[in-house]
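Peer 1: The structure is given below, and queries will be raised subsequently.
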Amino acid sequence: MASLTDSFKRRFSYLRLSVTDACNFGCSYCLPGGYSRACSPAAPLLPAEIRNLVAAFAQLGVSKVRLTGGEPTLRRDILEIARTISETPGIRTVAITTNGYRLKELAEPLFAAGVTALNVSVDSLDPDVFMRITDARSTPLAKVLSGVDEALRMGFRPIKINVVLLRGMNDSELPSFIEWSRTKPVHIRFIELMRTAQNGDLFAQHHVSTGPLCERLIREGWISKPREMDDGPAREFIHPEFRGSIGIISPYAHGFCESCNRLRVTSRGDLRLCLFGEADEPLRPFLRDSSQRPELIERIRSALKEKPLSHLLNEGKYGNTENLSSIGG
Ligand code: SAM
Ligand code: SF4
């Protein structure tokens with residue numbers, strides 16, 4: 001089997017594919033003010049283009065694809081996209097990251113279309129704070145949580161709950177989030193807020209480091225899991241009395257990028273080598289027909305040689321990432 005490696009011997013088996021920039025939420029740390037169509041005039045990739053794209057990555061050894069956005073469930077053809085990817089030879093896992101607003105109705109058809117792993121963003125368990133952070137006026141927290149229950153019932157595994165830590169907004173809720181994982185097999189992942197072009201003021205006011213949280217978990221009897229070969233960037237903690245687990249994602253920590261195993265493609269078919277990189281490699285011109293695959297593969301391989309060792313967030317540089325809705329986090 002072919003494999004994709006970069007100049008630093010990192011192996012890439014995981015593709016995050018954004019299928020839309022659009023979002024129906026306006027999370028204060030991600031899309032303050034909400035989505036504007038004017039930001040992104042080009043149409044997103046069509047299912048046939050996605051088929052060609054994923055087939056090429058699978059040929060290069062990618063075995064896991066995550067659908068993300070924007071909000072991926074806003075695409076009317078999300079089930080067709082999921083099915084296309086899950087039927088691609090070589091793809092073993094199809095995952096989705098969603099804000100959960102359509103999860104209750106979509107859990108069953110997504111599972112039937114071959115999606116088995118799920119990340120749901122739930123930034124607060126307090127309905128008012130949830131509204132304040134997400135600006136999701138028509139989607140109450142209760143609806144998102146019933147979607148998570150439906151996904152648990154369907155058998156999605158793992159189910160990860162993404163919580164972006166925000167000082168003075170949700171950082172007092174850590175005990176409630178942790179308690180959720182006592183009886184349910186959910187993996188709660190606390191994510192350190194990342195600076196983007198659009199969230200400077202919020203970052204200055206609400207960024208909180210995840211370091212003290214790791215120390216607190218260890219004090220409370222959580223055990224840090226040894227890292228395995230293809231693990232992502234989260235530091236994982238388990239506890240004998242809890243069915244779920246806790247993950248901590250610390251993008252500002254030293255060595256965070258050393259275990260990078262993921263590549264990203266934007267909804268318009270640009271290969272993004274680093275979430276906070278400067279340059280994209282346009283792949284769309286090579287997605288029209290499967291006969292273009294050799295050229296497409298060559299493009300991906302040669303672009304990968306340019307993948308940087310690390311982002312430069314600690315130097316205050318966040319590349320061309322306006323917000324994470326444009327690439328999927
Ligand atoms: N709309 C979907 C959702 O919210 O799950 C998928 C896209 S969203 C960009 C993917 C993840 O990125 C979410 O868990 C979100 O909380 C996270 N995210 C967005 N902006 C972020 C930021 N500035 N720092 C850290 N995480 C961020
Ligand atoms: Fe939308 Fe997800 Fe960004 Fe929130 S985090 S604005 S749900 S893309």
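Peer 1: Over the stretch 50-122, how many percent of alpha carbon pairs lie in each 10 Å bin up to the one with the longest distance?
Peer 2: In whole percents, the pair-distance histogram is 21, 55, 22, 2.
Peer 1: Taking +1 at the Cβ of each Lys and Arg and -1 at the Cβ of each Asp and Glu, which of 57, 166, 203 sits farthest along the dipole of the chain towards its positive end, judged by Cα position relative to the Cα centre?
Peer 2: Value computed over the given set: 57.
Peer 1: Using Cα centres only, tell me the gap between the stretch 52-86 and the stretch 126-184 in whole Å.
Peer 2: Each part's Cα centre sits 25 Å from the other's.
Peer 1: Is the shape of the chain rounded, prolate or oblate, going by the alpha carbon gyration tensor and its root eigenvalues a ≥ b ≥ c, with a/c under 1.5 for rounded and a/b larger than b/c for prolate?
Peer 2: Rounded, since a/c falls under 1.5.
Peer 1: Please give the net charge around residue 256, taking every other residue with its beta carbon less than 13 angstrom from that of residue 256, where Lys and Arg add +1 and Asp and Glu add -1.
Peer 2: Every neighbour counted, the sum reads +1.
Peer 1: Whose amide H sits under 5 Å from the amide H of residue 119, counting only residues 5 or more places off or on another chain, with H placed in the peptide plane?
Peer 2: 96, 97, 98, 160
Peer 1: Give the long-range amide H neighbours of residue 186: residues separated by 5 or more places, or on another chain, with amide H under 5 Å away, using H modelled in the peptide plane at 1.01 Å from N.
Peer 2: Residues meeting the criterion, in which the H sits 1.01 Å from N, are 244, 245.
Peer 1: Treating only the Cα positions of the stretch 217-329 as identical point scatterers, give the base-10 log of I(q)/I(0) from the Debye formula at each q in 0.10 Å⁻¹.
Peer 2: These q points yield log10 I(q)/I(0) values of -0.42.
Peer 1: I would also like to ask the following. Would you mind checking 160/305; 225/305; 184/307; 143/225; 9/184; 64/225 for any pair whose Cα atoms are more than 29 angstrom apart?
Peer 2: Result: 160/305; 225/305; 184/307; 143/225; 9/184 exceed 29 Å.
Read the figures in this text as sums done on the coordinates, not as results from a lab. Everything numeric here is computed off the predicted structure, so don't read it as measured data. All Cβ positions, even for glycine, are placed from backbone atoms using ideal geometry, and neighbour counts span all protein chains on display.
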